[in-house]
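Bear in mind these aren't lab numbers, they're just calculated from the coordinates by the rules spelled out. Keep in mind that what you see is a predicted model, and the values were worked out from it rather than measured. All Cβ positions, even for glycine, are placed from backbone atoms using ideal geometry, and neighbour counts span all protein chains on display.
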Amino acid sequence: MKVLLSCSHVKCFAFHKKAGGKEAAVIGCEISTRTFDLGEKIVQVVDVSGFLDAHTSPQLEKTLSSLVEGGNYSLILDLKGLDYINSASLGLLMGIAKRVRAKGGDLKLVNLSEKINKILTILGFSKVLKVFDQTKEALASFK
């Protein structure tokens with residue numbers, strides 16, 4: 001049985017100077033977390049949308065590190081709304097996967113766009129990180 005226990009939400013934006021010195025939010029991401037009780041395990045689902053780059057990935061790192069430091073080793077990243085991810089952010093995911101696997105957990109990815117999925121496949125990340133089409137499939141894999 002899946003029970004949603006809690007939820008949180010964060011928006012992050014990077015500001016860049018445009019011609020004339022005006023600042024404008026040109027990139028950003030939204031990160032929210034949901035907690036599911038599967039009976040035997042608690043699974044954290046982290047929803048990420050927007051752009052993950054050098055300006056916004058520190059917020060994802062803070063969110064994921066906080067979960068891991070809090071003893072949460074079963075993680076799902078729902079990337080349904082993710083439009084862009086840079087190599088440093090991919091490295092972050094690999095680092096988090098290594099940390100949770102060392103504690104008997106795992107990091108799984110769901111709802112990848114065709115573009116993001118292609119990037120993961122070309123770079124070989126899909127061989128290391130488990131990818132699912134839907135959140136319910138990834139949740140079931142933790143049982």
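Within the stretch 96-110, if we keep just the residues that are in a helix (DSSP H, G or I) and charged (D, E, K, R), the residue that is surrounded by the most Cβ atoms within 10 Å (Cβ to Cβ) turns out to be Arg99.
Total residues in the stretch 68-82 satisfying the condition of being in contact (Cβ under 8 Å) with a residue 24 or more places away in the chain and out of contact with any strand residue (DSSP E or B) (no Cβ under 6 Å at 6 or more places or on another chain): the figure is 3. Every condition in (1) part of a strand (DSSP E or B); (2) more than 13 Å from the chain's Cα centre (by Cα); (3) among the hydrophobic types (A, V, I, L, M, F, W, C) is met by Ile76 except one, and the failing one is (2).
So that you can scan it fast, the table gives a plain yes or no per residue for (1) among the charged types (D, E, K, R); (2) out of contact with any helix residue (DSSP H, G or I) (no Cβ under 8 Å at 6 or more places or on another chain); (3) assigned to a strand (DSSP E or B):
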| residue | (1), (2), (3) |
| --- | --- |
| Gly91 | no, yes, no |
| Met94 | no, no, no |
| Leu112 | no, no, no |
| Lys115 | yes, yes, no |
| Ile122 | no, yes, no |
| Ala138 | no, yes, no |
